[in-house]
1. Taking ASP110 and the conditions (1) open to solvent by 30 Å² or more (accessible area, probe 1.4 Å); (2) in a strand (DSSP E or B); (3) out of contact with any Asp or Glu (no Cβ under 7 Å at 6 or more places or on another chain), which numbered condition does it fall short on, given that it satisfies the others?
2. Looking at ASP98, ASP58, can you tell me which residue is touching a residue at least 60 places away in the same chain (Cβ under 8 Å) and either assigned to a loop (DSSP other than H, G, I, E, B) or surrounded by fewer than 20 Cβ atoms within 10 Å (Cβ to Cβ) (or both)?
3. Could you list all residues from the stretch 36-75 that are out of contact with any Asp or Glu (no Cβ under 9 Å at 6 or more places or on another chain) and charged (D, E, K, R)?
4. Determine which member of the set ARG19, ARG38 is open to solvent by 70 Å² or more (accessible area, probe 1.4 Å), closer than 30 Å to PRO87 by Cβ, touching a Phe, Trp or Tyr at 6+ places or on another chain (Cβ under 9 Å) and part of a strand (DSSP E or B).
5. Could you tell me how many of the residues in the stretch 42-91 are β-branched (Val, Ile, Thr) and on the phi > 0 side of the Ramachandran plot?
6. Among the residues of the stretch 72-84, is there at least one that is open to solvent by 60 Å² or more (accessible area, probe 1.4 Å) and more than 18 Å from VAL119 (Cβ to Cβ)?
7. Sort through SER84, SER108 and tell me the only one that's hydroxyl-bearing (Ser, Thr, Tyr) and in contact with a strand residue (DSSP E or B) (Cβ under 7 Å, 6 or more places away or on another chain).
8. Could you go through the stretch 26-33 and let me know if any residue there is in contact with a Pro (Cβ under 7 Å, 6 or more places away or on another chain), touching a residue at least 40 places away in the same chain (Cβ under 8 Å) and under 19 Å from PHE104 (Cα atoms).
Amino acid sequence: QVQLVESGGGLVQAGGSLRLSCAASGRTFSSSPMGWFRQAPGKEREFVAAIRWTKATDYADFVKGRFTISRDNVKNTVYLQMNSLKPDDTAVYYCASDPRDTTFRSQSWDYWGQGTQVVVSS
């Protein structure tokens, strides 16, 4: 069993930055790819970014150049640095681990956090 706890969400003005964290516990963290998803009001949850145990990364097109995913295998934590935020980035952001889909983009991850709210004002 894996527990994931996100933090770092909040209210920020357009153009600002936030750094989300996801602390993992329950088993060896470094062995699993980790991902970030988001769900905006009235929309389906969508893939944002993923990072492999090798620290290779993958991003959704709409965040490339603005968001950076990273991981600290000693602290069992994955991060999402979000820069140049837009009102369209407003969503609940979820951390996930243990993907069943090697593309990372589907909802087929075994473990999810509770989410952290990000609101970007115009």
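1. Going through (1) open to solvent by 30 Å² or more (accessible area, probe 1.4 Å); (2) in a strand (DSSP E or B); (3) out of contact with any Asp or Glu (no Cβ under 7 Å at 6 or more places or on another chain) one by one, ASP110 breaks only (3).
2. Working: ASP58 fails: touching a residue at least 60 places away in the same chain (Cβ under 8 Å).
Of the residues listed, the single one that is touching a residue at least 60 places away in the same chain (Cβ under 8 Å) and either assigned to a loop (DSSP other than H, G, I, E, B) or surrounded by fewer than 20 Cβ atoms within 10 Å (Cβ to Cβ) (or both) is ASP98.
3. Once the filter is applied, which keeps residues that are out of contact with any Asp or Glu (no Cβ under 9 Å at 6 or more places or on another chain) and charged (D, E, K, R), the stretch 36-75 yields LYS43, GLU44, ARG45, GLU46, LYS55, ASP58, ASP61, LYS64, ARG71, ASP72, LYS75.
4. Step by step, each of ARG19, ARG38 is checked, and only ARG19 is open to solvent by 70 Å² or more (accessible area, probe 1.4 Å), closer than 30 Å to PRO87 by Cβ, touching a Phe, Trp or Tyr at 6+ places or on another chain (Cβ under 9 Å) and part of a strand (DSSP E or B).
5. Looking only at the stretch 42-91, we keep the residues that are β-branched (Val, Ile, Thr), and these are 48, 51, 54, 57, 63, 68-69, 74, 77-78, 90.
Checking which are on the phi > 0 side of the Ramachandran plot leaves us with none.
Qualifying residue count, the stretch 42-91: 0.
6. yes
7. Just a single option satisfies the conditions, and that option is SER108.
8. Yes, that holds for at least one residue.
The values are calculated or read from the model by the stated rules, or taken from the named source; none is laboratory data. All values reported here derive from a predicted model rather than from experimental measurement. Heads up, the Cβs are rebuilt from the backbone with ideal geometry, glycines too, and the neighbour counts pull from every protein chain shown. What goes into the accessible areas is simple: the full protein's heavy atoms, side chains included, and nothing from ligands, DNA or RNA. Shrake-Rupley method; radii C 1.70, N 1.55, O 1.52, S 1.80 Å.
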